[in-house]
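Comments concern the structure below.
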Amino acid sequence: MAWTREEIQESFDRFAKTAEHGGATGDWGPWSECFTEDAEYYEHHYGKFSGRAAILAWITETMAQFPNNEMTEFPAEWVMIDEERGWLLCAIWNRFKSIGDGEVYQEINWTMLHYAGNGLFSYEEDIYNPNEFGVMVGAYLKARKAAGIN
């Protein structure tokens, strides 16, 4: 089934806005509501999750833990939409909140979403290099310590 680029883009814009809300508040409920009830989520480090409730439980627990709870912004660098398939591929920065040292601590994550209609996605897969994330997290933690932030 084909959807319009505009419909998929609007759904992604809502997805991105709710991720911003989740990062700022710790309330990931609105973000999870961007998925169908039976959605599948494949996060290469944490595993596979089936269903909106499981996705919400995982993201809430994971993003509440330090240092993940310091990762508060998720801006998209680029987005590609295949309206025929309903697929969206994007590059998302996972960015830590500023510690005031003038540096931006972030790492890129490629996300694939499958659009299911009615503003909802039925599948997400996150693809990234865990070694690069580890280096970035280490640099952030070192900078926090140097800035006297506990």
List every residue pair whose Cβ atoms sit under 6 Å apart, with the two residues 6 or more apart in sequence or on different chains, where the first one lies in the range 37-60 and is in contact (Cβ under 8 Å) with a residue 24 or more places away in the chain and over 21 Å from residue 26 (Cα atoms) and the second, anywhere, is outside any helix (DSSP H, G or I) and aromatic (Phe, Trp, Tyr).
-> 40/123
Taking the stated definitions as given, is residue 15 outside any strand (DSSP E or B) and surrounded by fewer than 14 Cβ atoms within 10 Å (Cβ to Cβ)?
-> no
Restricting the range 47-58 to residues that are touching a helix residue (DSSP H, G or I) at 6+ places or on another chain (Cβ under 7 Å), part of a helix (DSSP H, G or I) and hydrophobic (A, V, I, L, M, F, W, C), the residue that is surrounded by the fewest Cβ atoms within 10 Å (Cβ to Cβ) | 56
Among the residues of the range 107-140, count how many are polar (S, T, N, Q) and surrounded by 18 or more Cβ atoms within 10 Å (Cβ to Cβ).
-> 2
Of all residues in the range 63-81, count the ones that are within 22 Å of residue 12 (Cβ to Cβ) and either loosely packed, with under 15 Cβ neighbours inside 10 Å or touching a His at 6+ places or on another chain (Cβ under 6 Å) (or both).
-> 4
Whichever residue in the range 31-46 is open to solvent by less than 40 Å² (accessible area, probe 1.4 Å) and farther than 12 Å from residue 125 by Cβ and, among such residues, is farthest from the chain's Cα centre (by Cα) | 36
Report yes if some residue within the range 25-35 is in a loop (DSSP other than H, G, I, E, B), at negative phi and aromatic (Phe, Trp, Tyr); otherwise report no.
-> yes
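The values are calculated or read from the model by the stated rules, or taken from the named source; none is laboratory data. Computed from a predicted model, the values in this text were never measured in an experiment. With ideal geometry, Cβ positions are generated from the backbone for all residues, glycine too; neighbour counts draw on all protein chains shown. Heads up: the accessible areas ignore ligands, DNA and RNA and are worked out on the full protein's heavy atoms, side chains in. Shrake-Rupley method; radii C 1.70, N 1.55, O 1.52, S 1.80 Å.
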